[in-house]
C-alpha cells in the first residue's frame, strides 16, 4: 500500500528541497521546483520566469560561493490545487575569493500550484527583515572550509 502524503507535508518537502538544491547548486533539480511560468521577487530582485530566475542563481552563485538557506515556521494554506506559504528565512553567503560575507533574515511569501507531477512553486520571494554584510578581511583568523559542489 502506498502512503498518501498530505498536501501540507508535500509543500514543506518542496520548500526544503528548494533550499537544499540552491545550496548544493543542483540547478537542474532546483529548476524542477518551479512551474515553467514561475516568478520571483527577492527584495526587489525580480524575475519574470523560471528560466531567468535559475540562470541568475547559476551565474551568481557558482561553486566558490558558499550559501546556507534555512527556512522555518511555515504558515501554509491550501485551497484545492493552489496554496500559499509564508516562511521565516535565515541565510548566509560566504565568498573567500571576494572576501565577502552576508547574513540576513527575511520572510518568504510563496504561491504553489498542484501539477500532474506534484506541487511546484508558482511564485517565490521575500522581504528582508535585516541584512548584514562585512569583509572577511575584518576577521583575520577566519578559515573557510566545507562542501564545494562541482558546477
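A few notes on this one:
- Restricting segment 56-89 to residues that are at pLDDT below 95 and over 24 Å from residue 130 (Cβ atoms), the residue that is surrounded by the most Cβ atoms within 10 Å (Cβ to Cβ): 62
- Filtered residues of segment 22-55 (kept if without any contact (Cβ under 8 Å) to a residue 40 or more places away in the chain, exposed (fewer than 13 other Cβ atoms within 10 Å of the Cβ) and more than 12 Å from residue 125 (Cβ to Cβ)): 28, 36, 48
- Yes/no for residue 100 being modelled with pLDDT under 95 and surrounded by 13 or more Cβ atoms within 10 Å (Cβ to Cβ): yes
- Some residue of segment 67-85 being in contact with a helix residue (DSSP H, G or I) (Cβ under 9 Å, 6 or more places away or on another chain), touching a residue at least 12 places away in the same chain (Cβ under 8 Å), under 18 Å from residue 98 (Cβ atoms) and assigned to a strand (DSSP E or B): yes
- Some residue of segment 2-17 being part of a loop (DSSP other than H, G, I, E, B) and surrounded by 14 or more Cβ atoms within 10 Å (Cβ to Cβ): no
- Residues that are outside any loop (DSSP other than H, G, I, E, B) and out of contact with any strand residue (DSSP E or B) (no Cβ under 8 Å at 6 or more places or on another chain) were ranked within segment 54-66; the one that is nearest to residue 15 (Cα to Cα) is 57.
- For segment 44-98, the set of residues classified as closer than 28 Å to residue 139 by Cα and over 13 Å from the mean Cα position of the chain (by Cα) consists of 59, 60, 62, 63, 64, 65, 66, 94, 95, 96, 97, 98, listed by residue number.
The values are calculated or read from the model by the stated rules, or taken from the named source; none is laboratory data. None of the values given here were measured: they were computed from a predicted structure. All Cβ positions, even for glycine, are placed from backbone atoms using ideal geometry, and neighbour counts span all protein chains on display.
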